[in-house]
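The structure under discussion appears below in the form of structure tokens.
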Amino acid sequence: MSGNFSFSFSGDDIEDEGELNSAAPNASESVQPQPSASAFPVAGKPLLPATSHDLHHMLAQLPSKVAYGILDIDLDGSGDIQLARRELWDVRVQLMAEDNGGETEPGLGNHDVKTGVYEGGFKSWESSVDLVKVLSPSKDFLADETVIPTIIELGCGTALPSLALFQWSLSRRTPQKNSTLSIVLADYNPTVLQLVTLPNFILCWALHQRRELPLLEDAFSEGELDLTPDVIGAFEEFLSAQKISLSFFSGAWSTEFIDLVSSRKIPTTGNGAKQHTIILGAETIYSPFALGSFTQTIFSFMKQEREQGNAAEALVGAKKLYFGVGGSLDDFVARARELGANVEELREEAEGVRRGVVRCSLP
Ligand SMILES: C[S@@+](CC[C@H](N)C(=O)[O-])C[C@H]1O[C@@H](n2cnc3c(N)ncnc32)[C@H](O)[C@@H]1O
């Protein structure tokens, strides 16, 4: 994205009070960024390097408690899903308590994006909700014993699509029968992964398991979850018992990033089950630069999977046009087709800011 600008809302994201009006989302209803002269990448400013983050280490850096709100997403008349997200004010409080200055942490002030510094991941964007809706009808693949699923969410931020898949998997999978579910979460900013992405997964698990584990019931109080060592330990044990792997990567999309993500330990194939990789990206193509590097990255992943005989597809949600900054879903579709992909339009939102979701795969 170009320069530092605000998308007509500051501090809050797609909803203010835990409610999302899916018919007329208010987040970037009037996306009118005022680009400055600079563009990402900022000249002379190196991009953040690709970095892998150890889950155990990240868990050890969590605060003693997190405050959360619930986002209720209507699944187009076929039920709904409630996703827990860490409150942004709670992130600010943590940073101030740690004397890092919540006000100075990029992304927690008034900017939705700060070029080359913070790329928007603290807040939830509308297309991430669209992706949840698109994923919902096929969620039963999570229970399919013939599939080894890998989810890679690029530019995940609060990670609503991956969170929804994780939540659905909790009530569908039987670890005795199912193979490992691998969820890869990537954001430009490591702070986003540490401060919101990981806490959101813990909240999702804890709310789902609170009736099963008395220690969790005790850890909840009005809108807050205590992250005691026992709670953290139970989370890690649960993931391992359920054969769910969470991996975290930060840094700019690049060859190094692709190599790093590809070199992670991949669960072994068993019982004739087939690897199926779903790459997710919501609001990741909002500038010509982002569009180029994002497209290159998903194509590299899809090609790698194809070479290994695995199934792979990318689901991309974005606005039809990012005013003033370039980048659009149509540009992405054109680029992907030029590169030989099959592109299918899965969803279109005509109300509010026009946006859509497409599926992209290699023939
Ligand atoms: C507008 S946010 C969208 C966040 C989230 N997907 C959502 O929809 O709520 C854009 C995301 O893309 C990521 N991103 C943008 N440009 C990137 C780049 N060049 N390399 C890696 N990540 C990038 C940012 O980290 C950020 O999380």
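Per-residue answers, yes or no, for (1) among the polar types (S, T, N, Q); (2) in a helix (DSSP H, G or I); (3) more than 15 Å from the ligand (Cβ to nearest atom); (4) at pLDDT below 65:
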| position | (1), (2), (3), (4) |
| --- | --- |
| Asn100 | yes, no, yes, yes |
| Thr104 | yes, no, yes, yes |
| Gly121 | no, no, no, no |
| Ser127 | yes, yes, no, no |
| Asp130 | no, yes, no, no |
| Val134 | no, yes, no, no |
| Pro137 | no, yes, yes, no |
| Phe141 | no, yes, yes, no |
| Ile148 | no, no, yes, no |
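For segment 269-317, what are the residues that are over 15 Å from Ile151 (Cα atoms) and of a type in the set (A, V, I, L, M)?
Within segment 269-317, Ala273, Ile285, Ala290, Leu291 meet the criteria.
Could you run through segment 54-87 and say how many residues are surrounded by 13 or more Cβ atoms within 10 Å (Cβ to Cβ) and within 30 Å of Ser263 (Cβ to Cβ)?
Number of matching residues: 5.
Collect the residues in segment 136-149 that are closer than 15 Å to Gln167 by Cα and in contact (Cβ under 8 Å) with a residue 12 or more places away in the chain, keeping them in residue-number order. Talk me through it step by step, then tell me what you get.
Of all residues in segment 136-149, those closer than 15 Å to Gln167 by Cα come to 136-143, 149.
Within segment 136-149, Ser136, Pro137, Lys139, Asp140, Phe141, Leu142, Ala143, Pro149 qualify.
Which of (1) modelled with pLDDT of 90 or more; (2) more than 30 Å from Val261 (Cβ to Cβ) does Asn110 not meet, given it meets every other one?
(1)
Which of the residues belonging to segment 182-234 are surrounded by 21 or more Cβ atoms within 10 Å (Cβ to Cβ) and of a type in the set (Asp, Glu)?
If the condition is that a residue be surrounded by 21 or more Cβ atoms within 10 Å (Cβ to Cβ) and of a type in the set (Asp, Glu), then Asp187 is the only one that fits.
List every residue pair whose Cβ atoms lie under 8 Å apart, where the two residues are 6 or more positions apart in sequence or sit on different chains, the first residue falls within segment 219-231 and is within 13 Å of Asn200 (Cα to Cα), and the second residue, located anywhere, is of a type in the set (Lys, Arg).
Correct list of pairs: Glu224/Lys65; Leu225/Lys65; Leu227/Lys65.
The values are calculated or read from the model by the stated rules, or taken from the named source; none is laboratory data. Bear in mind that the values here come from a model prediction, so they are computed numbers and not experimental data. No Cβ is skipped: glycine too gets one built from the backbone with ideal geometry, and neighbour counts run over all protein chains shown.
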